[in-house]
Structure formats: structure tokens, C-alpha cells
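One structure is given here, and the rest of the page talks about it.
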Amino acid sequence: MSSRPDVHILVLDDEPFTLMLLSRQLANLGFTRVDTCDNGQAALELVDDTAHAPQLILCDLNMPGMDGVEFVRKLVEHGYSGSLILVSGEDERTLHSARTLVQAHRIEVLGSLQKPVSPQALFQLVERWVPPARVTKQLQGKGYGAQRLALAIQAGELINYYQPKVSISDGKVVGVETLVRWRHPVDGMVYPDQFIGLAEAHGLINALTQAVLVQALRDCASWARQGVSLKVAVNVSMDNLTALEFPEQITSAAAAAGVEPQSVVLEVTESQLMKDLRAPLEILTRLRLRRFKLSIDDFGTGHSSLAQLRDVPFHELKVDQGFVHGAHSDETLRAIFFASLTLAKELGMEAVAEGVEDADDWSFLQKTECDLAQGYFIARPMPADQVLDWANKWGMRWTSEQLGGSFPKRRNRRQVL
Ligand code: C2E
Ligand code: MG
Ligand code: MG
């Protein structure tokens, strides 16, 4: 790796030996601007010092006084916008829960390292890291108002991106998931986590879903006219499922676009606890009777739960990306992944793995009975007019990179649980 004097790194550990070792390993990787601190307070002072503020912190978890977890909370209070690597002598599960906690604080975690740290493991984590620019992230939650969002929906500022879902066994592109974006005339592309909650809270989610759905159906019909038939999935909020006219609206939208209900997948996530489940259950059952496909999204998180599986006739189960990416090397994730997969199979549902980010995730999935995969390794979400071109290229990539692999699938899934 070439010299990286532009990048500022901080190593925080109470053991002088670890500080020395990690500084040396980082220097060998070309990082020459490395500061060290043996306690959290001193590290926070550096974070506050704009001239020395680090872009990456390697942080020990076990320290006397302020431990790593407390340090991370304070980092957030100090507006830290860089990345983090956790270093510890603790077992994998403890590291994992600390990592999850840090991610919940919206700090980017490159990964965790077990002591004694091997130069190879450190290299793997920093190799693909893109240092964040020297700006704080305070700008992120821009706080749009409901009126502005209503205007955006009306003015057609919301646009659909599509991310492919492919069959793991034969590479066939089975469908796409619609992911909405707001093309803001001033701020550029705004992502759904900044406005879906707002739409739900201010009674705008039906209008939003309707706009997304109509465009998705139109695009689906257009791909079919060009000879490629793809299922199209649309995300549906639990709030959509309280409007009793929803099944009728969606049925007429599909008919108007000339798309069969069987080609439309509705991905349901429960973002808030529903007290009264009667309306959602009625609506989902009616949608199923009309032959729309129902999918339980982000399975294993929040309220996408066993109770929903019991009550709703879903066709598809999407294992949340938090249990997919990295499952090949993490026992806990793997156990949750296989448990979800077994559930899907036992209930006769198709299983989709979300968050397939790299070749390791992909080859892990090939050894399982999971049906479909979706993630950056296959394709990032893209505008409608790029989908067919991408599908063509994917076919070539499938052959040239031999993504079909040579592993026999495991037949007995109980063995792998
Ligand atoms: P989701 O339905 O679970 O969609 C998957 C999210 O993961 C998308 O984020 C996608 O861009 C991202 N993703 C895909 N592959 C990878 C990967 O390999 N690694 C990682 N780390 N992420 C990946 P996006 O587009 O920001 O959407 C976030 C969430 O917003 C969606 O999660 C969905 O719950 C919601 N959403 C998006 N569009 C709509 C919509 O039209 N209506 C409603 N109600 N919700 C929507
Ligand atoms: Mg989804
Ligand atoms: Mg999901």
C-alpha cells in the first residue's frame, strides 16, 4: 500500500505495547499520521482539535476508567464523523454486540480486530476503506417538512430506483425491488430514511406509495414489452395497510398498466408497533386472494417477527442484511441466518438474502438453500432505463466470473443449524 500522509488515524488503548504494535503496523501500511492515546479523555480532546481530528479511530474496548463503549457514546456527543475499528481481547459475540451498538450510534465501523492483532487482519479492514472527508455529518438529518414533501410527491420529484433480485442457483434475474429516491432540486438525491418516516407521520404515505407503485408498474410493463419479464417489488408501509381502499387501488393500478398481480410483490415492514392488527390482516388477506405476492421484509429485526409469520400468508421472506453480510465468518449471524432460512422453507416460502455485499457473502449463500440474493455484489439500485442493460451484462458476468460456483448445495439443512 502506498504512503497515506493525508489520512489521520488515532489509536486508543491503555496498553503501551498495543499502541506501539498498532502504530507500527499502520506505518507499514503507509499511514504515517498516527496519534496514540492511552485514555478516552485525551482521545476526545484530539477529536475536538480540528487540526488533529482523526478520520479513523482504532479503539480498545476494555480500558480502566472510560471503557470503549462509553468512549463511543461520547464520540457521538462530540460530533465525530470518522470511522472506527474496535480492538479487543473479548470473544466474537461481545465484539459483535459492541459493534452493533456503535453502528446504532451511526458511526461507520470498519470491523473488529481480536488481540493480538495480525497485520493481515488490519490490512483487510483498511484496504478498501475510503477516508471520510473532513466535514461533520451534522448536515445529514436535514429535517424536511411535511408540506415540502407533499409538494415533492405532487411535483413528481420522487423517482424510482430498482435493485435486482437474482436466483442463486442459476443466476436468473427474477425481479427487481423498487427503492424510492427524492430528486431534490437543491439538495440532490435524498434517501428514503430521510422522508419515509415523515410521510408516515403526516398522512402522506398513501400518496407516496401510490406514486411509487404507478411508476413501478409502468416500468415493469415497459421491460416486458422489450422482452424481459421481471417481477416488481414495492415497499409497503404498515400504515398503507390501514386504508381499506388499498387493495382496490393497487388492483386498478396493475390493471391499468397491464401487469398481472402475480408479477407484483409487496414488501411489508412493520416500522412501528401496530395495536390493532385487524385492518392490516384483512388487507393483506384480500391482496393475497387477488394473487399479489406478499413478502416479509427485514426479517429478524424490529417488528418483522414470528407473530407476523403466523398471521399473514406471506410468499417470500427477506432475511435482513444484518444477518447476511459477513455471516460466512460470524457464528452468531450464521445461526440466525440459518434459523430464518429454515423457517422460510418449512413454511413453503421463498427466501431472499438482502445485503449480499461481496464475493464471500455470495459464495457462502451458494452453499445454502437460499433462493434469491440481492445486494451491492450483484448490483446497486439503478434508474429504470439501466435495468435491461444491466441484466445483459449480468448474464455475461455470470459466465465469465463463474459465479455459478462448484459447491454442491447442502441437502440436509438441519446439519448446518
Ligand atoms: P429495504 O426495503 O430493506 O431496502 C434495502 C435497502 O438496503 C435499500 O436502501 C438498499 O439500497 C440497501 N442495500 C441494498 N443492497 C445493499 C448491500 O449490499 N449492502 C447494504 N449495506 N445496503 C444495501 P434504501 O434505498 O436507502 O432504502 C432504505 C429503506 O427505505 C428500505 O429498506 C425500505 O424499508 C424503505 N423504502 C424504500 N423505498 C420505499 C418506498 O417506496 N416505500 C416505503 N414505505 N419504504 C421505502
Ligand atoms: Mg424492501
Ligand atoms: Mg429489507
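The values are calculated or read from the model by the stated rules, or taken from the named source; none is laboratory data. Keep in mind that what you see is a predicted model, and the values were worked out from it rather than measured. All Cβ positions, glycine included, derive from the backbone under ideal geometry; neighbour counts span all protein chains shown. What goes into the accessible areas is simple: the full protein's heavy atoms, side chains included, and nothing from ligands, DNA or RNA. Shrake-Rupley method; radii C 1.70, N 1.55, O 1.52, S 1.80 Å.
Things to note:
- Across the options 375, 325, 343, the greatest Cα extent toward the positive end of the charge dipole of segment 295-378 (unit charges at beta carbon of Lys, Arg, Asp, Glu) belongs to 343.
- For the chain, the solvent-accessible area of protein heavy atoms averages 48 Å² per residue (probe radius 1.4 Å; ligands and nucleic acids excluded).
- Value of [θ]222 nm, deg cm²/dmol, for the chain, DSSP H segments ≥ 4, -39500 (n - 2.57) each, nearest 500: -11500 deg cm²/dmol
- Size of charge dipole - segment 191-322 - debye, nearest 20, with Cβ of Lys, Arg +1 and Asp, Glu -1, no other charges: 500
- Taking all protein chains together and a 1.4 Å probe, the residues 74, 318 rank 74, 318 from largest to smallest accessible area.
- Note on segment 146-416: with neighbouring protein chains present and a 1.4 Å probe, carbon and sulfur make up 51 percent of its accessible heavy-atom surface.
- Euclidean distance of C-alpha centroids, segment 354-386 and segment 38-80, integer Å: 35
- Rolling a 1.4 Å probe over the protein heavy atoms of segment 8-134, with every protein chain left in place, gives an accessible area that is 52 percent carbon and sulfur.
- Along the chain, longest interval not containing exposed GluC sites (Glu not before Pro), exposed being DSSP loop plus at most 12 other Cβ atoms within 10 Å: 1-244
- Residues whose placed amide H lies under 5 Å from that of residue 177, excluding near-sequence neighbours: 163, 165, 233
- Amide H to amide H distances under 5 Å link residue 350 with 316, 317, where only residues 5 or more positions off or on other chains count and H is placed in the peptide plane.
- For segment 8-134, the Rg and Dmax computed from alpha carbons only, in angstrom: 13.0, 36
- Antiparallel bridge percentage (DSSP; both residues within the chain; nearest 5): 25
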